[in-house]
Amino acid sequence: MRKLLRAAAPLVLVAGLAGCGSGGDGAGGDDGLTVMLSYKKSIYWLPMLIAEDQGYFEDEGVDVQFEETNGSGFVTQQLIAGNVPAGWAGAPDAAVAFSKDDNLRALMCNPPQNIFRIVVPDDSDIESVEDLEGKTLGIAEAGGGEEPIVNASLEAAGLQRDADVRILPIGDAGPASLNAILQGQVDAYAGSYPDISTLTADGRLQTRDITPEQYNAIPGDCLVTTADALEDDQVRDQLVGMARAWARGAVFAAENPEAATTIACRVVPQECEDMDFATTYVKDTIGLSGVADDADTPFGHVDDSAWQTTFEVLAESGAITTDPDAGTFAGGGIAEQFASDYWDFDIAATREEARSSDGN
């Protein structure tokens, strides 16, 4: 997973919808909808796993097939070329693509919060990024997906990288990096939430999140399409159905994490060889889902201000050299209506179904 995070820099796990143009194969016609995942089926895609297992896609009348590919660059290129009507893409990659083609629109995100975090041991006296002055911050390696957040956070705190704060690569999340934190070789750690789930799974390390709040809203992977594709009613209806099934999966998971874990482990057993890790990974994935008890905010909804923050972080890192309009990318009324449409299901019934399920 870490390798893909780096390859997709600066974010993780991308998916696309196969087809040729808004009416081609895989675009919602008689052959159904083909969805390509840039990463193998994983707990990261928990709402999708549940929706697939529980038959939610079929309920919504979407004949969807998921195929694994190997990166966000491919998906965004296909979107810009007009070869696919829509795709799941890491938010920064999608934002960079929009800076090259302002016909792109972002509809919903999974998760709708930043997946890269800066954490410290729970007993640390470090309370904020400002407190990292004179300290050492561990990362996996130079060029990792967490670096844009690290760089932006340090700059916002008035700290200079490698002058005020030492940045030390300590390798992928695993025994060596865990020992580096436990033994005090680093005072803080920056990585993706699955990395942190790995480090905290066995209970020896408890962490506190010190990521600046303004960066929490930067989303994970987002369903991106084009303004042109949204004008095709058949494509839009299929995308709404897919998004609604996905959102139902997110509601199910939030209501019954135990059943969600059982389902995930049945679908992706390779991620459940260590059940401490699997349980933590599911819990952390649900925690970032943003599904609240009041159900006022649709799962996956991201507003203009979050995209503006994303663009600013990317501009600071040099990934974007133009001044994209966040409101246009976020779709304005188009995205609002899309969210209203996919969030239009019996949430109480989905919660009741989840409560009565043991995941089998």
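Assorted remarks:
- Measuring with a 1.4 angstrom probe and ignoring ligands and nucleic acids, Asp232 comes out at about 40 Å² accessible.
- Rounded tilt (10° steps) of 72-81 against the dominant C-alpha axis of the chain: 40
- For the chain, the dipole from Cβ point charges (+1 on Lys and Arg, -1 on Asp and Glu) about the Cα centre works out to 900 debye, to the nearest 20.
- For segment 248-323 versus segment 128-165, the gap between their alpha-carbon centres in whole angstrom: 24
- If R0 equals 35 Å, the separation of the Cβ atoms of Asp344 and Asp63 corresponds to a calculated FRET efficiency of about 0.95.
- Isotropic mean projected area of the C-alpha convex hull, segment 122-228 (nm²): 7.9
- Accessible surface ranking that places the most exposed of Asp125, Asp63 first, with a 1.4 angstrom probe: Asp125, Asp63
- Shape category assigned to segment 231-360 from the gyration tensor of Cα positions, a/c cut at 1.5: oblate
- Three-way shape call for segment 57-210 based on the alpha-carbon gyration tensor, with the a/c threshold at 1.5: prolate
- Accessible surface of the chain [probe 1.4 Å, protein heavy atoms]: carbon and sulfur percent: 42
- Here the label points at Glu336 and Asp125, each 7 Å from Cα along the C-beta direction, are separated by 5.0 nm in the simple model.
- Three-way shape label, segment 256-304, alpha-carbon gyration tensor, a/c 1.5: prolate
- Residue of Gly249, Gly203, Gly90 that the Gaussian network model of the chain assigns the largest fluctuation, springs spanning Cα pairs under 10 Å: Gly203
- Here segment 165-252 is treated as an ellipsoid with the same Cα gyration tensor; its semi-axes, largest first and in whole Å, are 40, 16, 11.
- Accessible-area ranking of Arg266, Arg351, Arg161, largest first, probe 1.4 Å: Arg266, Arg161, Arg351
- Met275 exposes around 90 Å² of accessible area when a 1.4 Å probe is run over every protein chain in place.
- Computed per residue of the chain from DSSP H runs no shorter than four, each worth -39500 (n - 2.57), the mean residue ellipticity at 222 nm is -12500 deg cm²/dmol.
- Considering only Ala94, Ala306, Ala180, the mean-square fluctuation computed in a Gaussian network model of the chain, springs between alpha carbons under 10 angstrom, is largest for Ala180.
- Solvent-accessible ranking of Glu146, Glu155, Glu352, Glu141, largest area first, probe 1.4 Å: Glu155, Glu352, Glu141, Glu146
- Rolling a 1.4 Å probe across all protein chains gives Phe345 an accessible area of roughly 40 Å².
- Using the 1.4 Å probe convention, the accessible area of the chain works out to 39 Å² per residue with neighbouring protein chains retained.
- Sparse-neighbourhood loop sites, GluC sites (Glu not before Pro) in segment 263-320 - DSSP loop, at most 13 other Cβ within 10 angstrom: Glu273
- The tail of the calculated P(r) for the chain beyond 32 Å holds 29 percent of all Cα-Cα pairs.
- Span from the segment 190-225 Cα centroid across to the segment 44-96 one, whole angstrom: 22
The values are calculated or read from the model by the stated rules, or taken from the named source; none is laboratory data. Treat the numbers as computed from the prediction; the structure is a model and nothing was measured. Every residue, glycine as well, gets a Cβ built from its backbone with ideal geometry; the counts of neighbours run over all protein chains shown. For accessibility, only protein heavy atoms count, side chains too; no ligands or nucleic acids. Shrake-Rupley method; radii C 1.70, N 1.55, O 1.52, S 1.80 Å.
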